[in-house]
Amino acid sequence: MNEASPIPLGEETPSAASPQEQAAARPAMRGDLTKGPILKTLLLFSIPMLLSNVLQTLNGSVNAIWVGRLLGEAALAATANANIVMFLVFAAVFGFGMATTVRVGQHFGARDIDGARRTFGTGLGFCLIISVITGAIGWLGGGALLDALGTPAASRGEALAYLQVIFVTLPLGTINMMVSMGMRGAGDSKTPLYAMILAVTLDIAFNPILIMGLGPFPALGVAGSAMATACANTAGMLFQLWHIYRKDLSLRLRGPELRYLIPRGADLRYVVTKGLPMGAQMLIVSSAGLIMISLVNREGLNAAAAYGASLQLWNYLQMPAFAIGSAVSAMVAQSLGAGDHSRVDKVTMTGLAANLVMSTVVAALIVIFDHPLLALFLGGDSPAMPIAEHIQLICTASFVIVSVTMIMTGTMRAYGSVAAPLVILFLGLYPGRLGFYALAVPYIGSEAVWWAYPVGSALTVLITLAYYRMGNWRAAYKG
């Protein structure tokens with residue numbers, strides 16, 4: 001059976017059959033996440049996403065090493081300032097991408113392949129328009145953005161050169177990200193992983209070549225690092241598109257279907273109304289993170305260095321929850337499209353269990369081997385080392401606690417419930433984490449910074465659990 005053709009469910013199963021029986025009776029289809037053992041399906045789908053996240057983080061670390069070693073501290077500071085700007089830009093696009101992923105998954109679960117293509121085309125076209133406009137504005141106003149961030153004068157020129165390359169190539173990066181997210185909505189997490197492996201390999205190789213100007217290439221300095229990343233991401237994008245059309249996969253657009261790239265109608269409304277709150281979640285997290293950095297900086301250089309090293313380890317600690325939460329969202333979205341609501345709670349509970357096991361193991365390894373791990377960033381004899389080890393004991397477990405919310409939020413996101421998770425996140429980070437700091441700092445001093453993490457995490461989990469059990473978030477799904 002051609003997987004690109006919608007399957008009329010009424011012809012496949014008796015009309016009296018239950019939704020679960022109808023879902024079980026449907027023929028297998030590439031990327032179908034509505035069948036088979038839940039744990040096996042969840043792990044096979046989430047592990048490639050986990051590996052992609054690890055590779056992306058490692059790639060950023062290696063690129064920072066190239067820039068720091070070849071160009072010095074000013075260039076490294078320049079990339080850090082430019083990356084803050086780009087994170088804010090990608091946060092909005094990421095939200096629209098997540099909304100597209102969910103809707104594609106719902107259509108895919110319903111075997112409405114034309115609907116999946118229509119939503120994918122709308123999401124891709126809309127985000128491409130945004131990225132072109134943003135790229136043009138960023139090229140013209142990049143200097144003003146850096147000034148607003150207070151970028152040091154010594155690194156401003158290099159930061160601007162780096163940022164302008166990223167803004168010019170932003171549309172290519174947007175296409176790459178949207179194709180990856182669309183593929184995951186259609187149940188394929190392996191192709192984006194292969195594309196990431198290709199991109200990371202090329203990025204690591206091109207960085208020194210374009211920075212230093214080896215062989216026939218000109219020396220571009222810090223802008224060469226941005227150009228290397230853009231070229232690598234473009235190669236990853238072309239690989240995914242080649243694979244989609246070579247295999248005639250569900251999301252390929254041909255002939256009259258290319259008009260789906262023009263954003264319009266109900267698909268555009270869904271992408272915008274659901275995507276804005278999802279993007280806002282990332283903005284809330286980043287803004288709270290910036291405030292926490294400012295609070296830590298008040299405690300002195302050693303505390304700031306210890307916190308910076310700890311953040312590097314916490315990035316890896318959050319990866320299992322992010323991957324499993326995304327997998328749960330895709331599986332639930334497909335189950336909803338298939339009309340099999342009975343599978344939703346099973347997927348969620350399995351995701352919670354898998355996440356707690358993986359996150360707990362990673363957290364335990366970080367705490368047990370904290371000294372050698374932190375020494376990678378600080379050096380074994382650094383005066384910041386005792387502070388960093390103290391931070392790990394207080395804060396690391398909080399990331400395991402809050403990871404529970406990422407799984408439940410993944411399920412709610414698949415139903416289209418995005419406003420409540422945004423409010424809950426705000427309450428946990430601002431009244432919870434930052435509010436606790438303001439109340440506790442007169443009594444426990446600098447310890448308030450570190451204890452704000454578990455307090456904020458506990459509040460977030462409690463509110464999320466209450467809303468998951470008693471809230472009306474299932475009503476957000478309109479079918």
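The values are calculated or read from the model by the stated rules, or taken from the named source; none is laboratory data. On a predicted model such as this, the values are computed, not experimentally measured, just so you know. Positions of Cβ are backbone-derived with ideal geometry, glycine not excepted, and every protein chain shown enters the neighbour counts. Heavy atoms of the whole protein, side chains included, go into the accessibility calculation; ligands, DNA and RNA do not. Shrake-Rupley method; radii C 1.70, N 1.55, O 1.52, S 1.80 Å.
Counting only heavy atoms of protein chains, what accessible area per residue, in Å², does the chain have with a probe of 1.4 Å? Please report the intermediate quantities before stating the final value.
On the way: 20220 Å² over 479 residues.
Per residue, the chain has 42 Å² of solvent-accessible surface.
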(request) Sticking with the crude label model, points 7 Å out along Cα→Cβ, report the distance from residue 297 to residue 56 in nm, one decimal please. (result) 2.6
(request) Please work out whether the chain counts as rounded, prolate or oblate from its C-alpha gyration tensor, where a ≥ b ≥ c are the square roots of the eigenvalues and a/c under 1.5 means rounded, while otherwise a/b larger than b/c means prolate and anything else oblate? (result) oblate
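Taking all protein chains as present, what is the carbon and sulfur share of the accessible area of the stretch 145-251, in % to the nearest whole number, probe 1.4 Å?
Of the solvent-accessible surface of the stretch 145-251, carbon and sulfur hold 71 percent.
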(message) Straight-line reach only, C-alpha to C-alpha below 19 angstrom: list the lysines that residue 346 could link to, leaving out same-chain residues fewer than 8 apart.
(response) 35, 40
(message) Please compute the modelled spin-label separation between residue 443 and residue 423, points set 7 Å along Cα→Cβ, answer in nm with one decimal.
(response) 2.9
(message) As an exercise, use a Förster radius of 35 Å and the Cβ-Cβ distance of residue 269 and residue 462 to find the FRET efficiency, rounded to the nearest 0.05.
(response) 0.60
(request) Once you have a ≥ b ≥ c as the square roots of the Cα gyration tensor eigenvalues for the stretch 353-449, tell me rounded if a/c is under 1.5, and otherwise prolate or oblate according to whether a/b is larger than b/c. (result) oblate
(request) Could you rank the peptides 195-204, 223-232 by their average count of other C-beta atoms within 10 Å per residue, with the highest value first? (result) 223-232, 195-204
(request) With all protein chains present, calculate the accessible area of residue 293 using a 1.4 Å probe and round the result to the nearest 10 Å². (result) 70
(request) Helix by helix through the chain, keep the DSSP H runs that span 30 Å or more along the axis on Cα and average at least 1.6 on Kyte-Doolittle, and give those back in order. (result) none
(request) Would you please state the base-10 log of I(q)/I(0) at q = 0.20 1/Å for the stretch 149-205, with intensities from the Debye formula using one equal scatterer on every alpha carbon? (result) -0.84
(message) Once you place label points 7 Å from the Cα toward the Cβ at residue 254 and residue 394, how far apart are they in nm?
(response) 6.1
